[in-house]
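S.K.: One structure coming up, written as structure tokens, with questions to follow.
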Amino acid sequence: MGLSIGIVGLPNVGKSTLFNALTKKSVPAENYPFCTIDPSVGIVQVPDERLWKLSELSKSAKTIPAAVEFTDIAGLVKGASEGEGLGNQFLSHIREVDAIAQVVRVFPARGGSASGGEDVIHIYGDINPMRDVEIINLELILADMQSVTKRRANILRDVKRGDKAAAIEDGILAKVEVELEAGRLASTVALDEAEKEILKSMHLLSAKPILYVLNKKSGAKLADTTELMKYITASGAQFVEVDAGIENELSALSDEDKGVFRAEYDAKDDGVNDLIRQSYKLLGLMTYFTTGTDETRGWTVKVGATGPEAGMAIHTDFKEKFIRAEVVAYDKLIEAGSYATAREKGWVRTEGKEYIVKDGDVIEFKI
């Protein structure tokens with residue numbers, strides 16, 4: 001899979017509780033042999049009703065969902081970019097992920113647990129979501145400023161001797177440096193696609209897409225998020241609301257008991273499922289399916305993948321050995337009621353190497 005989201009946040013914002021809730025929605029690791037298995041990594045299924053409907057249609061013996069990887073990253077404090085607290089560990093781990101789920105605490109200091117009992121003290125004494133986001137984002141920016149300054153110094157000699165590639169890279173870094181010095185994330189820099197590819201090799205922390213996860217407590221008076229919401233809207237970022245404590249408790253219950261629990265705590269939405277779906281989108285991912293009597297499975301690929309590229313999710317040989325693919329849209333297959341009927345109606349198409357796979361395609365590869 002090779003695509004992961006790092007869960008970050010200040011201490012005592014519910015980051016580990018959220019990770020625990022997510023990992024209880026995990027899938028067997030043996031189904032994803034290319035993933036690194038680590039206690040701080042959870043391979044989590046992407047909620048998708050289409051998978052189960054296809055499995056029922058095909059009477060599949062086995063059903064395997066698409067998945068996304070979450071990494072629980074060490075807590076951050078002010079000064080992390082200078083090595084304070086677990087700063088160095090935080091920064092090194094976040095460089096390895098593809099996107100950031102930034103947990104922002106909006107639940108109160110008193111009665112902070114999911115059951116309303118034990119107090120959860122905020123590291124800075126009071127609840128201020130915008131301040132917390134500014135602390136984390138500033139540490140990302142400061143770390144990136146060090147990286148950019150160092151890189152520009154390293155390529156200076158090549159720039160001076162007229163190396164074209166070095167000059168292009170330096171020009172991109174100069175644009176980034178201006179934004180960072182103004183206190184803005186590297187992701188705000190206006191770059192074309194070619195420039196973005198060059199910048200990607202720098203693994204800048206603040207260039208990664210961010211999903212803000214507002215960790216609330218159902219039924220409690222929450223912090224004022226007006227300023228934070230203005231910031232999120234202005235930056236073009238996305239957010240979800242989650243009650244990590246309740247979702248963690250819910251994940252161990254039966255469906256029937258979950259309904260009773262949600263009613264008792266006025267927790268109507270499954271925030272964790274929303275988080276997983278939004279994270280999947282944040283990474284620019286989509287799902288296609290393979291289905292049959294043996295197995296129905298959702299496969300994770302980047303939006304815009306061609307047929308051969310999508311086939312690599314199944315096996316790396318598929319890209320080279322790809323001949324053609326038989327494709328039918330999910331909704332057409334469900335409408336037809338069977339693969340044979342869909343073929344009779346002309347809804348099963350033969351596609352070649354240039355075909356751009358669409359979300360929900362049901363594919364049979366020919367190699």
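Coordinate-derived values only; no laboratory data. These numbers come from a predicted model, not from an experiment. Using ideal geometry, Cβ is built from the backbone for each residue, glycine included, and neighbour counts are taken over all protein chains shown.
S.K.: Could you check the spin-label model distance between residue 163 and residue 359? Points 7 Å from the Cα along Cα→Cβ, value in nm.
M.R.: It is 4.1 nm.
S.K.: Once amide H atoms are placed 1.01 Å from N in the peptide plane, what residues at a sequence separation of 5 or more from residue 67, or on another chain, have their amide H within under 5 Å of its amide H?
M.R.: Placed amide hydrogens put 46, 300 under 5 Å from residue 67.
S.K.: Continuing with this model, one more query. Enumerate the lysines that residue 62 could reach by cross-link, defined here as Cα to Cα under 16 Å, with residues fewer than 8 away along the same chain left out.
M.R.: Hits, sequence-local ones excluded: 53.
S.K.: Now, a different point. Can you give me the long-range amide H partners of residue 4? Hydrogens built in the peptide plane at 1.01 Å from N, cutoff under 5 Å, separation of 5 or more residues or another chain.
M.R.: The list, which skips near neighbours in sequence, is 98, 99.
S.K.: Also: Can you tell me the length gained on complete extension of the stretch residue 40 to residue 273, counting 0.36 nm per residue apart and subtracting the Cα distance?
M.R.: So the chain would gain 81.9 nm between residue 40 and residue 273.
S.K.: May I ask you to compute the full-extension gain from residue 149 to residue 92, defined as 0.36 nm times their residue separation minus their alpha-carbon distance, rounded to one decimal in nm?
M.R.: Contour length minus Cα-Cα distance gives 18.7 nm.
S.K.: How high is the FRET efficiency between residue 56 and residue 316 when r is their beta carbon distance and R₀ equals 25 Å, given to the nearest 0.05?
M.R.: Given R0 = 25 Å and the Cβ-Cβ separation, E is 0.20.
S.K.: List the pairs from 208/302; 160/196; 217/258; 332/366 whose alpha-carbon separation is above 19 Å, in the order I gave them.
M.R.: Listed pairs above 19 Å: 160/196; 332/366.
S.K.: Multiplying the sequence separation of residue 174 and residue 324 by 0.36 nm and subtracting their Cα-Cα distance, what value in nm do you get?
M.R.: That works out to 49.5 nm of additional length.
S.K.: To check my understanding: the extent here is largest minus smallest coordinate of the Cα atoms along each principal axis. What are those three numbers for region 297-365, in Å, largest first?
M.R.: 31, 21, 18
S.K.: Where a Cα-Cα gap under 17 Å defines reach, which aspartates and glutamates qualify for residue 200, not counting those fewer than 8 residues away within the same chain?
M.R.: Partners within reach: 96, 98, 144, 169, 170, 177, 179, 192.
S.K.: Show me the GluC sites (Glu not before Pro) within region 263-367 that DSSP assigns to loop and that have at most 16 other Cβ atoms within 10 Å of their Cβ.
M.R.: Passing both the DSSP loop test and the Cβ count: 354.
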